[in-house]
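Remarks on the structure that follows.
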Amino acid sequence: LLAIQYQIEDYIENEHIVEKKTILDFVKMYLKVFNATQKSLANLFEMQDSNLHKYLTQGRKLNPDLVLKLSAFSHTNPEYWLRIEVKNELFEVAKEKEQDKKYAKYDYKNLLALSNN
């Protein structure tokens, strides 16, 4: 179980994502260790399997209730699950950013250049 936690921490802390991992990827690691299914986890969490799947694959944003359930289930810090979700959202934006550089105009240097004029 510690190995999975270390993988989560490494994924969160690594600035360069080679392969995007969803919350589902990490949950599957836990399920494999426990020889359990996503459906049994949904039952444990008192929710429908289809709803849980939407949260785990980023079809829906995580809510505090589910974050706390994931944390209790995995014995991990609740922030880990939110940080995975945020990291993946930023990863998607960064891909776009590299393509069209649309965020370059927000550089503080541009503000300083305007102030000096």
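Within the accessible area of the range 2-101, what % is carbon and sulfur when the probe is 1.4 Å and the other protein chains stay in place?
53
DSSP loop (so not H, G, I, E, B), at most 10 other Cβ within 10 Å: list which GluC sites (Glu not before Pro) in the range 19-117 pass both filters. Please list the in-between numbers first.
On the way: sites: Glu19, Glu46, Glu79, Glu85, Glu89, Glu92, Glu96, Glu98; in loops: Glu19, Glu46.
Answer in residue order: Glu19, Glu46.
So between Lys54 and Thr37, what do we pick up on full extension, going 0.36 nm a residue minus the alpha carbon distance?
Once the chain is fully extended between Lys54 and Thr37, it gains 4.6 nm.
Could you state the principal axis extents of the C-alpha atoms in the chain, from the largest down, to the nearest angstrom?
Here the spans come out as 64, 28, 23 Å, largest first.
Per residue, how much accessible surface does the chain expose to a 1.4 Å probe? Answer in Å², no decimals.
Working: 8200 Å² over 117 residues.
Ligands and nucleic acids excluded, the result is 70 Å² per residue.
Which distance in nm do the two modelled labels at Lys95 and Asn77 give, with both placed 7 Å along the Cα-to-Cβ direction?
Label at Lys95, label at Asn77, 2.8 nm between them.
Which entries of Lys69/Lys95; Lys61/Lys105; Lys28/Lys54; Lys28/Lys61; Lys20/Lys101; Lys54/Lys101 have Cα-Cα distances beyond 23 Å here?
Working: Lys69/Lys95 31 Å; Lys61/Lys105 29 Å; Lys28/Lys54 14 Å; Lys28/Lys61 18 Å; Lys20/Lys101 21 Å; Lys54/Lys101 31 Å.
Result: Lys69/Lys95; Lys61/Lys105; Lys54/Lys101 exceed 23 Å.
Report the extension gain between Leu112 and Leu44 in nm, rounded to one decimal, defined as 0.36 nm multiplied by the number of residues separating them, less their alpha carbon distance. Spell out each step's value before the answer.
Values: separation 68, 0.36 × 68 = 24.48 nm, distance 5.44 nm.
Going from the current span to full extension adds 19.0 nm.
Round to the nearest 0.05 the FRET efficiency obtained for Thr22 and Val86 when R0 = 22 Å and r is the Cβ-Cβ distance.
So the FRET efficiency works out to roughly 0.95.
The values are calculated or read from the model by the stated rules, or taken from the named source; none is laboratory data. In this text the structure is predicted, and so the values were computed from the model without any measurement. Glycine also receives a Cβ, built like all others from the backbone with ideal geometry; neighbour counts cover every protein chain displayed. Only protein heavy atoms, including side chains, enter the accessible area calculation; ligands, DNA and RNA are left aside. Shrake-Rupley method; radii C 1.70, N 1.55, O 1.52, S 1.80 Å.
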